[in-house]
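Notes follow the structure.
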Amino acid sequence: AGYSCPGAATVTDYDNNTYNTVQIGNQCWMKENLRTTHYSDGTSIPMGNSTSNTTAYYYVDNNISNVSTYGYLYNWPAVMGNSSSSSANPSGVQGICPTGWHVPSDAEWKQLINYVKNQGEYNCNGRKRNIAKTLSSTEGWKTGGSHCAVGNNTSSNNATDFSAFPAGMNDDHYRHFSNNAYF
């Protein structure tokens, strides 16, 4: 299992929500979904129920008690906080993240994926492409036809301690809380 990041076992956002961290390879990640309603400078993020791709908002389903586990769903403008996308590593885009943290770029996600898939103990059935289980929490996932489906035999999930929860998705056309996740 993973360890907390040295010198940053937790991080706190503007709303005083505290999140645990995990060190994977030489990267430090938050291991909980965001549940803030403000940017780090105190600017409010409005709650919304549209599928706008221009107005920043966060969304919660009809069960507010889910927020403590699954966080909020945010649209792209909310995540980026009026910043442009970055392919740098580190991205340099603070966006919705707490002070001292940033939105990961595609390059950072690829670094995480490459590290995990090159650790033999993290591969389901010895296949480097089967790493989802090792990044996923042990509860709430949809079952599937493959032995390596995240929802099957969940006791073998979360070897990295990344703890990804099945919070669903929010994009320009569709949003829902569900038993899967998209990054």
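The values are calculated or read from the model by the stated rules, or taken from the named source; none is laboratory data. Model, not experiment: these values are computed from the prediction. Using ideal geometry, Cβ is built from the backbone for each residue, glycine included, and neighbour counts are taken over all protein chains shown. Calculation scope for accessible area: heavy atoms of the full protein, side chains included, ligands and nucleic acids excluded. Shrake-Rupley method; radii C 1.70, N 1.55, O 1.52, S 1.80 Å.
General remarks:
- Compared with the dominant principal axis of the Cα atoms in the chain, helix 106-117 is inclined by about 20°.
- Largest GNM mean-square fluctuation among Ser65, Ser137, Ser50, using the chain with Cα springs under 10 Å: Ser65.
- Selection among Asn179, Tyr39, Asn49 by position relative to the dipole of the stretch 32-183 gives Asn179 as farthest towards the positive end (Cβ unit charges, Cα centre).
- The alpha-carbon atoms of the stretch 35-116 define a convex hull whose volume equals 116 cubic angstrom per residue.
- Cα gyration tensor category, rounded, prolate or oblate, for the stretch 9-82 with a/c compared to 1.5: prolate
- Among residues other than Gly42 with Cβ under 13 Å from its Cβ, the summed charge is -3 (Lys and Arg +1, Asp and Glu -1).
- Using a Förster distance of 22 Å, the FRET efficiency for Cys28-Asn82 (Cβ separation, nearest 0.05): 0.35
- Note: relative contact order over the chain, using C-alpha pairs below 8 Å and six or more positions apart, is 18 percent.
- Considering only Leu112, Asn152, Ser163, the residue lying farthest towards the positive end of the dipole of the chain is Asn152, judged by Cα position with unit charges set on Cβ.
- Taken along its three principal axes, the alpha carbon spread of the chain comes to 46, 35, 28 Å, from the longest extent down to the shortest.
- For the chain, the solvent-accessible area works out to 53 Å² per residue, with a probe of 1.4 Å and every protein chain left in place.
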